[in-house]
Amino acid sequence: MGRAEERRARQGGARRDKQKVKKKGIRRFFTWKKVLGTFFGLCLLAMGAFYVIYLMVPIPTGNDEAQMESNVYKLSNGQVLARSGTVNREAVSLEKVPVPIQHSFVALENKTFYDDQGVDFKGTTRGILKTLMGKGAQGGSTITQQYVKNNYLTQEQTVTRKLKEIVISLKVDQRYSKDEILAGYMNTSYYGRNAYGIQAAAQAYYGKDVSKLTLEEGTYLAALLQAPSQYDWQTAGPIGKQLVQGRWNKALDNMVEKKWLTPEERAKLKFTPPKDAKVDAGMGGQTGYLVAAAKAEVIRNGVDPAVLDRGGWTITLNIDPAKQKLLEGAVKAQLTSKLDPNKRKVDADLQAGAASVDPKTGSVVALYGGQDFLKHQLSNATNPTYQPASTFKPVILAAAFNQGAETQDGKQITANTVYNGDSRRPVKGSDIPFDPPNEDDASYGPVSVQVAMNKSINSVFAQMGVDAHLDKVRDTAVQMGMTSLNGLKPVPAMTLGSYGASPLQMAAVYATLDNHGKKVTPSIVKSAEHKDHKYDKPDPIGSQVISKQAADSVTSVLTGVVDDGTAQKSVAEADNRDGKQVAGKTGTSDDNKSAWFTGYTPDLVTSVGLWGEAAEPRVIKVDGKSVNIPRGGQVTMTNGAGEDGRINGGSIPARIWAAYTFDAVKGGAAKFDLDTDQGAAVEPAYTPSKPASNTPSKSASNTPSKSASKTPSNTPSNTPSTPTNSPSGTTSHKPKPPTPTASNSGGASPPVDPLNPNG
């Protein structure tokens, strides 16, 4: 053997040895040939399995979802209140749908519809993978697949259901024409407003037959399908309106791309908002408000609006029929029976709202949303637009008590702390200048916190809000139930109740006080039952958001407002009071656009709001300038309902409250069980000194002097004791004599804060 041959022999042996080494261990099972073979084998297996499924899965008959049911709403005693959610569908042939509108649906939902085989395999694969990863519904469906899901399957998101959808879609595409599939899709889709199918949607949104729809209108219905609840123009927020307009534009742009529309034609099209929803005549009076509140609550707690509108639910409300009747009767007796728009134009503008809550359970036992749901669908009980004014002052006091806040000179704030009550006194410690006027620009000189609450002195609570830290005041309000303040910037004017709130929100705040600081979230829904769905009702009673002592101390102070303050005449002296102890607060906003009384007994919390809402558009003069007020805009209530001048919280709202509440709580607890040693509900263990001459008398008829001294005195102001005709509160602490302190004040008046309602 030559040298060359010998060398080649050695190299060949080395290669063979190397190959033998490489194939040792687990690597000998993973050659590229075996991996490739396995892959193709699995593909063949999957194709075979899919073929078997294809053979085994037939096109089923239409599912039971097509047989819609009504929802039944009941009162707490089982009495049927209303039925809603009945089938609202009228199937139409595709010939009735204008061709351009057909194209708009296809352009937006499935541009390849006329050319595909009924399935988007790429999008469906992506959807299946995301479903497996637990990301829920991820789209990827053609019009055919959506029709199959609507008509033959369910809305559940599982891999098995998705596979069935694919198979049935392929078979449907083979058996039916594209026009038949498109018609089926349009007729089975849900459009919101309880409208199933494009014909019902055309009526619900535009009040016309589908054949009469313009391209702009029909394209809105196509854009709506992705999220009917979010995109309904009547109820959509700014983001929802922006999104649905974006989809509307996308549909038309895609039509241009598909050459179904010329660029010139596209340029002429303008977005056409739909009409407001029509209301079922059976929803008249208070019924519609109650049903709407119940629907909003179950949706807020997780029930999909489309699932709710498909029907089959039995929803029982916490509304007590007896209390509901009393509340409606009180509003009629004290307000609506006195309205005469022909005699006084302002009477047409007056709107009342009220919410009554059991503080121990959180149940909404009565609710007043307006005179008639058929005429005024926006519920006044849940409308968060109007300023609650001085009914916000107890929140400031609660925040101060809860954190042990101190005045500017380092004295802890109590019911006996003395503040300067002069009108337009600049607040100290705020980066934003603020010097609010008191009602009628009255000055009170040095007054205790108790007297300031009784008299609703703005300057005192503006300073106290700064002392208690405005951000903490806002957060306390939100925690207690005033959710409309969430995320808003805290400014000094907030102390005067300048940010809006609804009667239901204010009832939540005061119910939390009544419940000794444990959060109360008012609930109108007692239960919601469905054979195929579960409703998880949250507990209306939450955690301790302010301390028991803080809550009870505020309650004690608020009894003084009723027995010796702005609510004395309407509430304390009511004929049907029957010795009940009451805590509450009045409120009257700037320009008399709203007036409130929110109060409570040991068993019941009720908030009553009254405001001016323009019945018709008008032009008014403000500082010499003409201002256009649209229909529904905020206007004054002055001289309304036969009142002479301004309508205060202590007038009509307090009278409605008293007429309702004292009859509603007959037989209930007479006194609060309070854990506090301060406030008007506690009999003082000392003899208060005589108030300074510049401190207003307790008499409601006396007008405080505007020339009162602006230098606080160290003499305690006269903290009102419990009147002899009012039961005293039960407390766990012995009352202590107060050490009055005066908060720092003085200085020149800086510019007024832009938000400046009259408390």
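All of the numbers you see were taken from the coordinates with simple rules; none came from a lab. The structure presented is a predicted model; accordingly, all values stated were derived computationally and were not measured. Positions of Cβ are generated from backbone atoms using ideal geometry, with glycine treated the same way; all protein chains shown enter the neighbour counts.
Brief remarks on what is shown
- Taking a sphere under 15 Å around the Cβ of residue 539 and counting the other residues whose Cβ falls inside, with K and R at +1 and D and E at -1, yields a net charge of +3.
- Charge-dipole axis of the range 527-649 as Lys and Arg at +1 and Asp and Glu at -1 on Cβ define it, positive-most pick from 645, 615, 598: 615
- Burial ordering of 231, 289, 114, fewest other beta-carbon atoms within 10 Å first: 114, 231, 289
- In a DSSP loop and with at most 12 other Cβ atoms within 10 Å, the trypsin sites (Lys or Arg not before Pro) in the range 572-637 are 631.
- For residue 403, the shell of other residues with beta-carbons less than 12 Å away shows a net charge of -3, using +1 for Lys and Arg and -1 for Asp and Glu.
- In nm, spacing of pseudo-spin labels at residue 117 and residue 372 (7 Å Cα→C-beta vector): 6.1
- Extension gain (nm, one decimal) between residue 171 and residue 527, 0.36 nm per residue minus Cα-Cα: 123.9 nm
- Chain lengthening between residue 226 and residue 276 when straightened (0.36 nm per residue, less Cα-Cα): 16.0 nm
- Sorted by Cβ neighbour density within 10 Å, fewest at the top, the residues 261, 224: 261, 224
- Extended-chain gain in nm, criterion 0.36 nm per residue less alpha-carbon gap, residue 264 and residue 90: 59.2 nm
- Other-chain or far-sequence residues with amide H under 5 Å of residue 523's (modelled H): 363, 364
- Calculated FRET efficiency for the pair residue 300/residue 544, C-beta based, R₀ 22 Å, to 0.05: 0.40
- Between residue 317 and 74, 75, 76, 526, the built amide H atoms are under 5 Å apart, and every one of these is 5 or more places off in sequence or on another chain.
- Neighbour counts of other Cβ atoms within 10 Å put 570, 337 in the fewest-to-most order 337, 570.
- Estimated vicinal HN-Hα couplings, Hz - the range 322-332 in sequence order (Karplus 6.51, -1.76, 1.60; Gly, Pro = x): 5, 5, 4, 5, 5, 5, 4, x, 5, 5, 5
- Simple spin-label estimate for residue 669 and residue 245 gives 5.3 nm between the two label positions (7 Å along the Cα-to-Cβ direction from each Cα).
- Among the trypsin sites (Lys or Arg not before Pro) in the range 647-683, those located in a DSSP loop and surrounded by at most 13 other Cβ atoms within 10 Å of their own Cβ are 666.
- Net charge, residue 456 excluded, C-beta distance under 10 Å - Lys, Arg +1, Asp, Glu -1: +2
- Using a simple spin-label model with pseudo-atoms 7 Å out from Cα toward Cβ, residue 208 and residue 69 lie 3.8 nm apart.
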